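Q: Okay, handing you the structure first.
The values are calculated or read from the model by the stated rules, or taken from the named source; none is laboratory data. This structure is a prediction, so every number in the text was calculated from the model and none was measured. Counting neighbours? That spans all protein chains shown, and the Cβs are built from the backbone with ideal geometry, glycine included.
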Amino acid sequence: MSCSTLQSLRYGYSPKLPVMLRDGVGSVSVTEGEKTHSESDQEKIKELFPNTYGMKEVYFRKGDSTAPARKHVIGVILSGGQAPGGHNVIAGLFDAMKASDPDNILLGFKGGPSGLVNDDYITITADNVAAYRNTGGFDIIGSGRTKLETDEQFQKVAEVAKKHGMTAIVIIGGDDSNTNAAVLAEYFAAHKLPIQVIGCPKTIDGDLKNDDIEASFGFDTACKTYSELIGNIMRDANSAKKYWHFIKLMGRSASHIALECALQTHPNVCLISEEVQEHGYHLNQIAESIASSVADRAKMGCNFGVVVIPEGLIEFVPEVKKLIAEINDTLAASGDKFAELIDWDAKMGFLTAALSEESMDVFNILPLDIQQQLLMDRDPHGNVQVSRIETEKLLSSLVGKKLAEMKAEGRYSGKFSTLHHFFGYEGRAAFPSNFDADYCYSLGYTAFCLIAYGYTGYMSTIRHLDEGVGKWEAGGMPITKMMDMERRGGHDKPVIKKALVDLEGAPFMYFAKHRKKWALETCFRYPGAIQYFGPSELCDATTITLQLEKESRS
């Protein structure tokens, strides 16, 4: 029996390119803009990147190419967590290379940066690419989280590049991965090695965003995937009318996903970590706010609803942030001793002696399972693994206690039954939306154009993403322009600054204007599944975030 699947049909989708790229690399000219400088800490960044700092903005135009003709051997890696569209970045890079010269070679290094260091690779061919076009995941070559940051690593990469005659490396990753790309480009330039490095902006979290990166790839698809799931739960909640659903979404450092999904689905409550931090809201205040919505809806006979929570919220709550910092420091200094303690009372005694009285008070009000989650193994940086903390269960427990107090006082007479969800991996490897399929293919194509013209230390960029592909503009921006200095592990390090939700920006302001109505009424919106075939206004639509940002500039 044979039947068509979305997978088989997506292989045949032809991603759309910006106008200036549609006639091939030979018809792409380049225009340089102004010299750039870093976001902040300009003297320090310049000192760290003397060979790649202050480079000019790059814009591609339709016209005869002046790029020198030469054979290229390019290495590509996927770095960090999966994001829908990564395969299309590789496809766009491959197609641009082969259109320029069929003898160009693309090497895919397996397992992320470690594959580049260990010379673990495959030669990417037309057959390889054909099996992965317009599909989700990073399985064509895999990914990894090894950081490229030491001279020893750079030397090994240089040796691997020399062995294969490589002219360039393309690093597809998030803010840390592209910071590493800038450092690697500087190393090659300082040692006069003829190897270019180009980055492509990836992360579903949406926090790799600035004046030049309007959106990171994967954000569109992930938000639409989560919004479909949230909409399904809303439909079920509105049918059964007996559960409050607490839904945690990915987004440790920023709440872009939670905000976009709220704009898409209109939950009764959506918490924004940046707002919690800005106003210093405590756990008690957050629980009271949710309980107020529950009680008000109960008066209307609606003992159901939906609460959306960003993954990283817990670290933005002042007293919990302080508690986590103290636990991190304590376990960093005495982790082995603590690990030897088996009895829970002994562990509590250890913590009571190590933590401040204020932090211990906070620890004691947390449910036992949350206490245990706070004490689990740390990540490679020595920090609590936030995704393992079931914040959705913590908040529903605190809200339940608040409602019990209100019921005892005669201020609440409803029913409060809860269900919990965490949507994370469900969105990281979905079939990319048409937007992400087009955007990623364009990023890969643009990456080769930057290489053809000899640029290094740049990130591939596509501008005017809210205008439709016909008005997109391809180019590149020096990665050092996006940097500032940040304290990490006791040292000042150059990093690409994460973009947090702008509490004065149009997307948040729209949300803030409507959330009181959503909190009380059942205004649920059901986006449904991502559409790949049909009218452009449906299939090629961008996020509501991008649409609102466009309207605010008009």
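Q: So which residues in region 129-143 are on the phi < 0 side of the Ramachandran plot and buried (at least 19 other Cβ atoms within 10 Å of the Cβ), if there are any at all? Talk me through it step by step, then tell me what you get.
A: Step one: of region 129-143, the residues on the phi < 0 side of the Ramachandran plot are 129-133, 135-136, 138-141, 143.
Answer for region 129-143, where residues must be on the phi < 0 side of the Ramachandran plot and buried (at least 19 other Cβ atoms within 10 Å of the Cβ): Val129, Tyr132, Arg133, Thr135, Gly136, Phe138, Ile140, Ile141, Ser143.
Q: Identify, please: which residue in region 524-554 is in a loop (DSSP other than H, G, I, E, B) and hydrophobic (A, V, I, L, M, F, W, C) and is, among those, surrounded by the most Cβ atoms within 10 Å (Cβ to Cβ)?
A: Pass one, region 524-554, residues in a loop (DSSP other than H, G, I, E, B): 524-535, 540-543, 554.
From what's left, hydrophobic (A, V, I, L, M, F, W, C): 524, 529-530, 533, 541.
Details: Phe524: 19, Ala529: 12, Ile530: 23, Phe533: 10, Ala541: 19.
Out of the qualifying residues, it is Ile530.
Q: Given the conditions (1) in contact with an Asp or Glu (Cβ under 8 Å, 6 or more places away or on another chain); (2) crowded, with 23+ Cβ neighbours inside 10 Å; (3) of a type in the set (Phe, Trp, Tyr), report the number of the one that Phe316 does not fulfil.
A: Only one criterion is unmet by Phe316, namely (2).
Q: Also: Identify all residues within region 146-176 that are free of Cβ contacts under 8 Å to residues at least 40 places away in the same chain and within 16 Å of Gln196 (Cβ to Cβ); write none if there are none.
A: Leu148, Phe154, Ala158, Lys162, listed by residue number.
Q: Additional query: Please find, among Asp101, Asp95, the residue that is within 27 Å of the chain's Cα centre (by Cα) and surrounded by 13 or more Cβ atoms within 10 Å (Cβ to Cβ).
A: On the way: Asp101 fails: within 27 Å of the chain's Cα centre (by Cα).
The conditions single out Asp95.
Q: Quick check on Glu358: is it touching a His at 6+ places or on another chain (Cβ under 8 Å), of a type in the set (D, E, K, R) and under 22 Å from His282 (Cα atoms)?
A: So Glu358 fails the test.
Q: Inspect all residues belonging to region 27-38 and state whether any of them is within 30 Å of Gly144 (Cα to Cα) and either within 23 Å of the chain's Cα centre (by Cα) or surrounded by 24 or more Cβ atoms within 10 Å (Cβ to Cβ) (or both).
A: Narrowing region 27-38 to residues within 30 Å of Gly144 (Cα to Cα): 38.
When the remaining residues are screened for being either within 23 Å of the chain's Cα centre (by Cα) or surrounded by 24 or more Cβ atoms within 10 Å (Cβ to Cβ) (or both), the result is 38.
The answer is yes, given that some residue of region 27-38 is within 30 Å of Gly144 (Cα to Cα) and either within 23 Å of the chain's Cα centre (by Cα) or surrounded by 24 or more Cβ atoms within 10 Å (Cβ to Cβ) (or both).
Q: Which of the strands (runs of 3 or more DSSP E) contained wholly in region 445-507 include at least 3 residues that are in contact (Cβ under 8 Å) with a residue 60 or more places away in the chain and closer than 27 Å to Glu278 by Cα?
A: Answer list for region 445-507: 483-488, 491-496.
Q: Can you go through Pro84, Pro50, Pro68, Pro102 and tell me which one is free of Cβ contacts under 8 Å to residues at least 40 places away in the same chain, assigned by TED's automatic domain parsing to the domain that holds Tyr458 and not in a helix (DSSP H, G or I)?
A: Answer to the selection: Pro102.
Q: Is there a residue in region 335-355 that is in contact (Cβ under 8 Å) with a residue 60 or more places away in the chain and on the phi < 0 side of the Ramachandran plot?
A: Within region 335-355, not a single residue is in contact (Cβ under 8 Å) with a residue 60 or more places away in the chain and on the phi < 0 side of the Ramachandran plot.
Q: Let me ask something additional. When you go through (1) within 21 Å of Pro310 (Cα to Cα); (2) crowded, with 20+ Cβ neighbours inside 10 Å; (3) touching a Lys or Arg at 6+ places or on another chain (Cβ under 6 Å) one by one for Ala430, which number turns out not to apply?
A: It is condition (3) that Ala430 fails.
Q: Let me ask another. Which of the numbered conditions does Gln155 fail, given that it passes all the others? Conditions: (1) more than 18 Å from Lys110 (Cα to Cα); (2) buried (at least 22 other Cβ atoms within 10 Å of the Cβ).
A: Only one criterion in (1) more than 18 Å from Lys110 (Cα to Cα); (2) buried (at least 22 other Cβ atoms within 10 Å of the Cβ) is unmet by Gln155, namely (2).
For every residue, the table says whether it meets (1) within 18 Å of the chain's Cα centre (by Cα); (2) assigned by TED's automatic domain parsing to the domain that holds Met250.
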position: Phe416; (1), (2): no, yes
position: His420; (1), (2): no, yes
position: Gly470; (1), (2): no, no
position: Gly476; (1), (2): no, no
position: Met482; (1), (2): yes, no
position: Asp502; (1), (2): yes, yes
position: Gly505; (1), (2): no, yes
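Q: Something else about it: Output the residues belonging to region 464-480 that are at pLDDT 95 or above and touching a helix residue (DSSP H, G or I) at 6+ places or on another chain (Cβ under 9 Å). Step through it out loud before you land on a result.
A: The first filter runs over region 464-480 and keeps only residues at pLDDT 95 or above, leaving 464-465, 469, 471-480.
Within region 464-480, His464, Leu465, Val469, Lys471, Trp472, Glu473, Ala474, Gly475, Gly476, Pro478, Ile479, Thr480 qualify.
Q: Right, another one. Scan Ala447, Ala429, Ala437 and give me the residue that is under 30 Å from Tyr13 (Cα atoms) and touching a Cys at 6+ places or on another chain (Cβ under 8 Å).
A: Ala447
Q: Kindly list, by first and then second residue, each pair from a residue in region 404-415 that is touching a residue at least 12 places away in the same chain (Cβ under 8 Å) to a residue that is not in a helix (DSSP H, G or I), limited to pairs with Cβ atoms under 6 Å and residues at least 6 apart or on different chains.
A: Final answer for the pair search is Met406/Tyr412; Gly414/Asn303; Lys415/Asn303.
Q: Next up: Return the total of residues in region 47-69 being more than 30 Å from Asp492 (Cα to Cα) and not polar (S, T, N, Q).
A: Here the count works out to 9.
Q: Restricting attention to region 117-154, and to residues there that are touching a Ser or Thr at 6+ places or on another chain (Cβ under 9 Å) and in a helix (DSSP H, G or I), which single residue is farthest from Ser433 (Cα to Cα)?
A: If we take residues in region 117-154 being touching a Ser or Thr at 6+ places or on another chain (Cβ under 9 Å) and in a helix (DSSP H, G or I), then Gln153 is farthest from Ser433 (Cα to Cα).
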